[in-house]
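Below is one structure; the comments refer to it alone.
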Amino acid sequence: NAGVMQNPRHLVRRRGQEARLRCSPMKGHSHVYWYRQLPEEGLKFMVYLQKENIIDESGMPKERFSAEFPKEGPSILRIQQVVRGDSAAYFCASSPITGGGYEQYFGPGTRLTVT
Amino acid sequence: AQSVTQLDSQVPVFEEAPVELRCNYSSSVSVYLFWYVQYPNQGLQLLLKYLSGSTLVKGINGFEAEFNKSQTSFHLRKPSVHISDTAEYFCAVTPGGGNKLTFGTGTQLKVEL
């Protein structure tokens, strides 16, 4: 059973460009979470999605950031008009069920560098 | 809301020595507690978790942690570390039944010969 897959692993964008980060959850997992890790900091929750639904986006910046998890295909985290402060590692996690302490399985992350 | 404090940003230790990584949390509701390990340029891997029951939890790679409700702590311990344990360790909490993890800032464990 393949783990959580994220691509690309490394992404370089110039200021003002768009960044698209993809996450394929583990097989059988219908819950996806996105976290951001800034340099020298822990991971910060961004958004929690189920298929075709955003359940909790309380950690998402109000502008330029959006996420989706369509019925078919991977979850996408989209950052429009990137700025230097968006440089970070973005991790996706998935779980088969939410709540109850079920483990979230993490992908290897996408390291975004904005130049 | 929950918060997690990992006071030690770095912990150097010699191989085969014991180690304790400290974690304290704050929450107005009951929580589940987790320890994750992150090796360089990799994602996070679950070491262990506390949901309920026995306060001493054993995890993978010889790690264990003890939940102390009165001190709101969940310290991670290993009696004898190995070079391969060098990594970043994150403590995290989620409210019981919740879905998002709140992480501490991490502790870099460096095991030296």
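The values are calculated or read from the model by the stated rules, or taken from the named source; none is laboratory data. On a predicted model such as this, the values are computed, not experimentally measured, just so you know. Every residue, glycine among them, receives a Cβ derived from its backbone with ideal geometry; neighbour counts consider all protein chains shown. Side chains are part of the model used for accessible areas, which takes the heavy atoms of the whole protein and leaves out ligands, DNA and RNA. Shrake-Rupley method; radii C 1.70, N 1.55, O 1.52, S 1.80 Å.
For region B:72-83, the criterion of being free of Cβ contacts under 8 Å to residues at least 40 places away in the same chain and more than 14 Å from every other protein chain (Cβ to nearest Cβ) is met by no residue. Of all residues in region B:60-98, exactly one satisfies the criterion of being open to solvent by 50 Å² or more (accessible area, probe 1.4 Å), of a type in the set (Lys, Arg) and assigned to a strand (DSSP E or B), namely B:Arg77.
Collect the residues in region A:62-115 that are modelled with pLDDT under 95 and of a type in the set (Val, Ile, Thr), keeping them in residue-number order. If the condition is that a residue be modelled with pLDDT under 95 and of a type in the set (Val, Ile, Thr), then A:Ile97, A:Thr98 are the ones that fit.
In the set A:Val47, A:Val32, only one residue is within 26 Å of B:Thr5 (Cβ to Cβ) and within 14 Å of another protein chain (Cβ to nearest Cβ); that residue is A:Val47. Is one or more of the residues making up region B:51-59 under 18 Å from B:Leu109 (Cβ atoms) and open to solvent by less than 50 Å² (accessible area, probe 1.4 Å)? Looking through region B:51-59, at least one residue is under 18 Å from B:Leu109 (Cβ atoms) and open to solvent by less than 50 Å² (accessible area, probe 1.4 Å).
Results for (1) within 12 Å of chain B (Cβ to nearest Cβ); (2) farther than 25 Å from A:Gln17 by Cα; (3) open to solvent by less than 20 Å² (accessible area, probe 1.4 Å), shown as yes or no for each residue.
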site	(1), (2), (3)
A:Arg36	yes, no, no
A:Gly42	yes, yes, yes
A:Gly59	yes, no, no
A:Gln80	no, no, no
A:Arg84	no, no, no
A:Tyr90	yes, no, yes
A:Ser94	yes, yes, yes
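For the condition assigned to a loop (DSSP other than H, G, I, E, B) and at positive phi, A:Gly16 qualifies.
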